[in-house]
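The values are calculated or read from the model by the stated rules, or taken from the named source; none is laboratory data. All of these numbers come straight from a predicted model, not from anything done at the bench. Backbone-built Cβ (ideal geometry, glycine too); neighbour counts: all protein chains shown.
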Amino acid sequence: MTDTVTSIIPLLAVLVSLAAVVPILLSRKRPNLREGWTFAAGLTKLGLVYAMVGPVLSGKVLTYRLVEVMPGISVAFRVDAMGLLFALVASILWLATTAYAIGYMRGLNEHSQTRFFSFFAVALSATIGVAFAANLFTLYLFYEMLSLATYPLVTHHQDQEARMSGRKYLTYILGTSIGLVLPAMIITYHLTGTLEFSPGGILAGHVSGPLLTMLILMFVLGFAKAAIMPMHGWLPAAMVAPTPVSALLHAVAVVKVGAFSIFRVMTGIFGTGFLLSQHQNQLIIILAAVTVITASLIALTQDGLKRRLAFSTIGQLSYIILGAALLSPKGMLGGLLHIAMHAFGKITLFFCAGAIFVATGKKNISEMAGIGRRMPITMIAFLIGAMSVIGLPPTGGFISKWYLVLGTLEADQPLMLAVLLGSSLLNAAYFMPVFYRAFFCPPEESGFADRFNEAPVWCVAPLVFSSLMSLGLFFYPQPFFNLARLAVQAFTG
Amino acid sequence: MINPEQYPILIVIVPFLSAFFLSITGCFKRSLCRPIALLALFGAAAAAVGSLHRVITTGIIHYRLGGWPPPFGIEYVIDHLNGLVLVVITLVALLAAIFSGKSVERELPGKEPLFYALFLLLVVGLLGMTITGDAFNLYVLLEISSLTAYALIAIGQDRAIHASFNYLIIGTIGASFYLLGVGHLYIMTGSLNMADLASILPQLYGSKAILTAFLLILIGVWTKMAFFPLHTWLPNSYTYAPTATSCLVAPLMTKVAVYIMIRMMFSVFTPAYVFHHLAMAPVVIWMAIAAIVGGSLLALSQRDFKKMLTYLIVAEVGYMVGGIWLANRLGITGAILHIVNDAFMTLCLFLAAGTIIHRTGGHHFDNLKGLFHQMPLTMTAFTIGALSMIGVPPTAGFFSKWYLILGSIQAGRYEFVAALLFSSLVNAVLFFRLLEISYFEKPPHQENTAHGPVSMVAEAPLTMLVPLLVSAITLIVLGIYSGELVTKIIQFAVPAGI
């Protein structure tokens, strides 16, 4: 039922933010014009991505082959429902983040803003490139590009702490991609002679036994951006970045690229049917479950708000991996939906953390008692974001979690059901006190005057937008839901 | 117009005659030296590109010097392999020559005629070695390139003379090994023409003398390419050489030696003899692994970025030798592709290093402080070179590494896969350490030295920046079009029957 159409739109969608770097650099002396370019690129990108939704939902697959770099290996794009879902989330949130970044970076008078916006644009190109990659090589190409483009963003402050965090970031991300993914990719090519993603996978019949287990582990651990334990150490360290970076890259783009890559490899390279028949998914399920619980427990102990969010992200990413590894239609649907739902929820939380920092200079939760009376909009948005991450109605997070839970039952994994529910409780345990203390702490413990004093409007508007999106996605999840359902249909045939 | 038939001789004769012309003109007007050299190299490059084009379209070119038929006269043969290498040599030399202007002015004032005459002669030696189809003629040109290299290195400051002397001793021993080997071949066959040798030798493959000849030639060439553990001459001589010299010799000398090894192994001897009769491939691959690991670790222990780069050359030689001795199509393809890629990678990094040395006056790690801010374009080019060394797509280095790893998996040599990955990871550490220093650390305060206030570090002059950026962009272009390069040229350079 899928029919393949050649279209240049995917290429344009990838390149538009890359091309924006040139005018951004040229207008470095005029900040308003410079940010205008980022907005222009963001809107164009969103328009291009959105233009593909209709055709894809009607069953088309858009492809574009750029250049053949090695026999049987091209730089090529292929837009299917799964890639489009991710690209749509990333390009919507890039716009929100750009607005937020203007408020944040100017509010704090950060240095080197031109560099910041340039690399941000490059990072977005790389993200969309991963989403639309037609084969493992193209995915790897953009994965590496993302690693390198985010390095100057993570280390933006250029101080000793940034240097150490940057080193950790690269060690984990580049070390695993060169040390694990690259050889795994070459072995795959050696075995099959191709790297193209195909709905049924390409490895079936080429590999079995210990080599298969090894390949799975090399891919799952090698895509360290997914931060599955023990490959998670870089994520809390990367929180040294300015908050807009943490928000978009470490709640949406970078980490989701990791989870997306694992999802893609499991469905397009291994193939769900093949993995099921070889009973190889249990190992990934266990890794993901351990990560979910452990990360949530660690999050409980963190006082730095961004660090708590970081560990929360680690746990939530493994939901996606878990959804993929369940290999049941509902589980995979939940996993894919969680890419979108968690993105909107978590970016709201990061926006809030940044807004608090801009308005008050506070980073630690223990210092935020009573802040709700000063920044009520921010803190209500925080509540909505937190509810979405916990998975409570009426937020989008409830829907993805619902399908994940159904997936565990469908796959006959009752233990995983317990893990998901337990994790929800833990999520509530580490988020709710923040909100509660913000509004309901005794006045004498409050560190803030009752005066209403929010962060600049450029900071507040995006977080209001993303929290409203989280609410809206509960009532109207259709665009993402339809894409995810179509993607799952493709995997399961 | 010049008859395309004459391109092969032009590649060599234009820079050769220009070298003499230049040294005479230089006596009267020093400022003419560089333009003449540039013109000569441009001519050679055009002829090389023209020849390669002819090879691709019409096949292998045989050119008889003075019309003497082989095996009595000297014959030039251009096939896909050396056609490619000739283009690489001329283009790299041209870029290095464009770059050299300011640096020669600063480091070797008044010595322009000498420098450029030697520069051209060195290039002539490299081109001649590559183009010739005669084993003894190759020796002569090997000595021409080596002697000029000794001089070009010794022309530098301080320790350059000692380093050059060390190189001279070891290099001469290496050349003697090669000569002895060729002598053995001549005694046994009475011929020096490579094609002629190739037709006579198979009857003599049982002979101990032929075995000795092969091993002597191999060791001689290994010495010239600084194959671990015969590398000891290289780091110091390339580090203390004048900037302009190192930008020429570092990318080219070792690569041409690798080319000679391939030529000897496959055009004079046969793959069957080398790989099956001798059965020494496992040993050579382990030596290549030693070169990669040893070179990487020694690079890791340096605090001088130019010296660090020289140790990386040692490691990269291991890539190419190992790739060829994998004895399968993929490995040899990877090795030949790596000759091209590594030439441009090394060029890019040495040009960047040269630019930094020109602006900051030294090659210690501390000289890099704050450079991302002061020389953003130079550092961008340096970063691209570094990414290619690490092997990040779409830079060229990724693709040759891909073929090499695929070839070693096919050959079942997982130890070589491990070595290649290890080298990538070490390169990542090496280069990000440098990038960290130049990105995070503040530039030192102004200091007044003999050359004036040094910390007035600004972006490089245009004559340096342009070749540097061209070499960096070339790395990306080479990467993207590596598929074309392999299907149009390199696949025909891999010997048949592998």
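General observations
- Hey, residue B:107 touching a Pro at 6+ places or on another chain (Cβ under 6 Å) and farther than 30 Å from residue B:333 by Cβ or not: yes
- Residues in segment B:224-256 that are under 19 Å from residue B:289 (Cβ atoms) and assigned to a helix (DSSP H, G or I): B:225, B:234, B:254.
Table: residues versus (1) closer than 24 Å to residue A:299 by Cα; (2) modelled with pLDDT under 90.
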{"position": "A:410", "(1), (2)": "no, no"}
{"position": "A:419", "(1), (2)": "yes, no"}
{"position": "A:427", "(1), (2)": "yes, no"}
{"position": "A:437", "(1), (2)": "yes, yes"}
{"position": "A:445", "(1), (2)": "yes, yes"}
{"position": "A:450", "(1), (2)": "no, yes"}
{"position": "A:456", "(1), (2)": "no, yes"}
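- At least 2 residues being at pLDDT below 95 and within 14 Å of chain B (Cβ to nearest Cβ) is the threshold, and among the helices (runs of 4 or more DSSP H) wholly inside segment A:175-244 those reaching it are A:182-192, A:209-222.
- Apart from one condition, residue B:203 fits all of (1) buried (at least 21 other Cβ atoms within 10 Å of the Cβ); (2) without any contact (Cβ under 8 Å) to a residue 12 or more places away in the chain; the exception is (1).
- Residue count for segment A:294-335, restricted to those that are hydroxyl-bearing (Ser, Thr, Tyr), in a helix (DSSP H, G or I) and touching a Leu at 6+ places or on another chain (Cβ under 9 Å): 5
- Candidates B:420, B:406, B:347, B:387: the one that is within 30 Å of residue B:286 (Cβ to Cβ), part of a helix (DSSP H, G or I) and touching a Lys or Arg at 6+ places or on another chain (Cβ under 9 Å) is B:420.
- Residue count for segment A:95-124, restricted to those that are closer than 19 Å to residue A:173 by Cα and crowded, with 24+ Cβ neighbours inside 10 Å: 3.
- Residue list for segment A:135-160, filter: part of a helix (DSSP H, G or I), more than 10 Å from chain B (Cβ to nearest Cβ) and closer than 21 Å to residue A:201 by Cβ: A:136, A:139
- Qualifying residue in segment A:45-65 (condition: surrounded by fewer than 20 Cβ atoms within 10 Å (Cβ to Cβ), at pLDDT 90 or above and within 14 Å of chain B (Cβ to nearest Cβ)): yes
- Residue in segment B:8-21 that is of a type in the set (Val, Ile, Thr), farther than 30 Å from residue B:358 by Cβ and surrounded by 19 or more Cβ atoms within 10 Å (Cβ to Cβ) present: yes
- Condition check for residue B:399: of a type outside the set (D, E, K, R), crowded, with 21+ Cβ neighbours inside 10 Å and within 11 Å of chain A (Cβ to nearest Cβ): yes
- Selection of segment A:444-489 for residues being among the charged types (D, E, K, R) and without any contact (Cβ under 8 Å) to a residue 40 or more places away in the chain yields only A:444.
- Qualifying residue in segment B:48-60 (condition: under 27 Å from residue B:494 (Cβ atoms), in contact with a strand residue (DSSP E or B) (Cβ under 9 Å, 6 or more places away or on another chain) and either outside any helix (DSSP H, G or I) or without any contact (Cβ under 8 Å) to a residue 12 or more places away in the chain (or both)): yes
- Residue count for segment A:390-408 satisfying the condition of being touching a residue at least 60 places away in the same chain (Cβ under 8 Å), in a helix (DSSP H, G or I) and over 25 Å from residue A:281 (Cβ atoms): 2.
- The criterion of at least 3 residues that are more than 23 Å from the chain's Cα centre (by Cα) and more than 20 Å from residue A:340 (Cβ to Cβ) is met by the following helices (runs of 4 or more DSSP H) wholly inside segment A:26-123: A:31-51.
- Pick from segment B:265-286, criterion in contact (Cβ under 8 Å) with a residue 60 or more places away in the chain and buried (at least 20 other Cβ atoms within 10 Å of the Cβ), ranking: nearest to residue B:88 (Cα to Cα): B:266
- Among the candidates B:488, B:442, residue that is in a loop (DSSP other than H, G, I, E, B), within 14 Å of chain A (Cβ to nearest Cβ) and at pLDDT below 95: B:442
- Residues of segment B:367-392 that are out of contact with any helix residue (DSSP H, G or I) (no Cβ under 6 Å at 6 or more places or on another chain), more than 10 Å from chain A (Cβ to nearest Cβ) and buried (at least 24 other Cβ atoms within 10 Å of the Cβ): B:375 alone.
- Selected residue (criterion: farthest from residue B:367 (Cα to Cα)) from residues of segment B:411-422 that are crowded, with 21+ Cβ neighbours inside 10 Å and more than 10 Å from chain A (Cβ to nearest Cβ): B:413
- Scanning segment B:27-81 for residues that are of a type in the set (Phe, Trp, Tyr), surrounded by 14 or more Cβ atoms within 10 Å (Cβ to Cβ) and more than 30 Å from residue B:109 (Cα to Cα) yields B:63, B:76.
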